[in-house]
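The values are calculated or read from the model by the stated rules, or taken from the named source; none is laboratory data. Keep in mind that this is a model prediction, so the values were computed, not measured. Note: ideal-geometry Cβ built from the backbone for every residue, glycine included; neighbour counts use all protein chains shown.
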């Protein structure tokens, strides 16, 4: 707080400082028991950030999160979405915020959420994280219970697309880390253990709080426990001959 306050005193109209202030205020409001009231109070801060740099899509992404928490109707959501994509049509954070609003957990449905994600992925630039958006829709579907065969096929297609996106980035790259954490969970839930383990390898040290905070207050512990359990699962399912083939000249595993 002292660091941000000093920044705002030194440059009260700095667009970046105003964005940080708006984001921080909205996040804290989401964590408050009086969430709706505190979110409504944060509206002027979002407006100030948007006005400070009319080209920046991030205030509009914050506005979409704000709209979700204040129970804004679809018409208000669509207006904010239009403003956001006008500034950056392929902005990943904007698409994630919109997807959450359209999810069955909030103001949409699984079908609407998937339709939006798949269309966005189809329109996205090659290698963009937006191409992996359907795997977020898949995650929300999995959280709701056991999918039907049709839903399972859709989830697997979303995972396949996210695997292809992940492959475009180097191992231990922090930029796709959250997508890889999410993808690892979805692959694991679908019983695709070897592919899930590969995503854990690509994640490297970049464990992210999402999606693990959806299941525990100790996301890092959940990440490590899941990864270690998956290693044991994959190892136990590997034939002994396959393990021997991977031994090096000294009898160690390569």
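Structure data summary
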item	result
Check on residue 39, in contact with a helix residue (DSSP H, G or I) (Cβ under 6 Å, 6 or more places away or on another chain), more than 25 Å from residue 123 (Cα to Cα) and either in the same structural domain as residue 136 (by TED's automatic domain parsing) or surrounded by 14 or more Cβ atoms within 10 Å (Cβ to Cβ) (or both)	yes
Answer residue from segment 120-164, given it is more than 18 Å from residue 187 (Cβ to Cβ) and in contact with a helix residue (DSSP H, G or I) (Cβ under 6 Å, 6 or more places away or on another chain) and is surrounded by the fewest Cβ atoms within 10 Å (Cβ to Cβ) among those	124
Qualifying residue in segment 172-179 (condition: touching a helix residue (DSSP H, G or I) at 6+ places or on another chain (Cβ under 6 Å), assigned to a helix (DSSP H, G or I) and closer than 14 Å to residue 136 by Cβ)	yes
Condition check for residue 85: buried (at least 18 other Cβ atoms within 10 Å of the Cβ), in contact with a helix residue (DSSP H, G or I) (Cβ under 8 Å, 6 or more places away or on another chain) and either part of a helix (DSSP H, G or I) or assigned by TED's automatic domain parsing to the domain that holds residue 30 (or both)	no
Residue count, segment 4-20 (criterion: in contact with a helix residue (DSSP H, G or I) (Cβ under 8 Å, 6 or more places away or on another chain) and either assigned to a helix (DSSP H, G or I) or at pLDDT below 95 (or both))	9
